[in-house]
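Student: Provided herewith is a single structure, encoded as structure tokens, for subsequent inquiry.
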Amino acid sequence: MATAQVLLVVLAAVALVLMVYAVMLYNGLVTVKNNVARAWANIDVLLKQRHDELPRLVEVCKAYRDFEHDTLVQVTEARSRVARAREAMDVAALGPAEAALRVGVARVFALAERYPDLKANANFMRLQHRITELENAIADRRELYNDSVNINNTRIEQFPDVLVARSFRFRERRLLEFGAGEKSGVDLGALLAQK
């Protein structure tokens, strides 16, 4: 009888250890998932701030009659696509929309070189500086978001985490990528040559 009791105690101890380990795995996966959500929220705040600044930039540029209308329309349309993707939390759609918006904003800044009065306008200069700061902050936050996504995606594929992840439906997340054009920088000459 003593052997049966010892075996029962050992089995209970092993079951307890496995249960504690499973809880630790689950809590770790929840932390990783929440880090992805927090990183997305940080990007979302910056996207909203930039979203609010772009109409002001367009209005300042519209004050200059000769300023290229098509560029302002492109920025406005791209801004709308970014807003829809952001509100839907659609990372796949956000990347291309962001790439188009960045090209449009870069074109506005490049075209401003042709308008000395616009370039000297205090509102334009403030908006250009603010939007550039937001672009840099978005790039920094995107890096943090992608790091969080990589950690999440790695954890849910590793053994034994994969057992808990599948049981509780933890899912893979998409990286936020803006496209190859962003990595190469802006060619001001090419932007100014476009019509």
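No lab work stands behind these numbers, since they all come straight from the coordinates. From a predicted model like this one, the values you see are computed outputs, not experimental measurements. With ideal geometry, Cβ positions are generated from the backbone for all residues, glycine too; neighbour counts draw on all protein chains shown.
Student: For S80, S167, what's the fewest-to-most ordering of other Cβ within 10 Å of each Cβ? Let's see the in-between values first.
Tutor: Details: S80 13, S167 10.
With the sparsest Cβ surroundings first, the list reads S167, S80.
Student: When the Karplus curve 6.51 cos²θ - 1.76 cosθ + 1.60 is applied with θ = phi - 60°, which whole-Hz ³J(HN,Hα) does each residue of segment 128-142 get, with x for Gly and Pro?
Tutor: So the Karplus estimates, Gly and Pro as x, are 4, 5, 5, 5, 5, 4, 5, 4, 5, 5, 4, 4, 5, 5, 5 Hz.
Student: Report the residue, chosen from V20, V149, V60, that carries the largest GNM mean-square fluctuation when the chain is represented by alpha-carbon nodes joined by springs under 10 Å.
Tutor: Per the Cα network of the chain with a 10 Å cutoff, V20 tops the list.
Student: Still on this structure, please answer the following. Let's see if you can work this out: charge +1 on each Lys and Arg Cβ, -1 on each Asp and Glu Cβ, no other charges. What is the dipole magnitude of the chain about its Cα centre, in debye to the nearest 20? Don't jump to the answer; show the numbers that get you there.
Tutor: Details: 27 positive and 24 negative charges, 70 e Å.
Using only the charged Cβ atoms, the result is roughly 340 debye.
Student: On C-alpha positions alone, give me the angle between the axis of helix 91-111 and the longest principal axis of the chain, in degrees, nearest 10.
Tutor: With rounding to tens, the tilt is 30 degrees.
Student: Can you compute 3J(HN,Hα) from phi for each residue in segment 158-164, using the Karplus curve 6.51 cos²θ - 1.76 cosθ + 1.60 with θ = phi - 60°, rounded to whole Hz and x for Gly and Pro?
Tutor: My calculation for segment 158-164 gives 7, 8, x, 4, 4, 5, 6 Hz in order.
Student: What's the angle, to the nearest 10 degrees (0 to 90), between helix 69-87's Cα axis and the longest principal axis of the chain?
Tutor: Taking the Cα atoms of the chain, the angle to 69-87 is about 20 degrees.
Student: For a quick size check, give me the Cα extents of the chain along its three principal axes, largest first, whole Å.
Tutor: Taking max minus min along each principal axis of the Cα atoms, the chain gives 97, 26, 23 Å.
Student: In whole Hz, what ³J(HN,Hα) sequence does segment 32-41 give by Karplus (6.51, -1.76, 1.60; θ = phi - 60°), x for Gly and Pro?
Tutor: 4, 4, 5, 5, 5, 5, 5, 5, 5, 4
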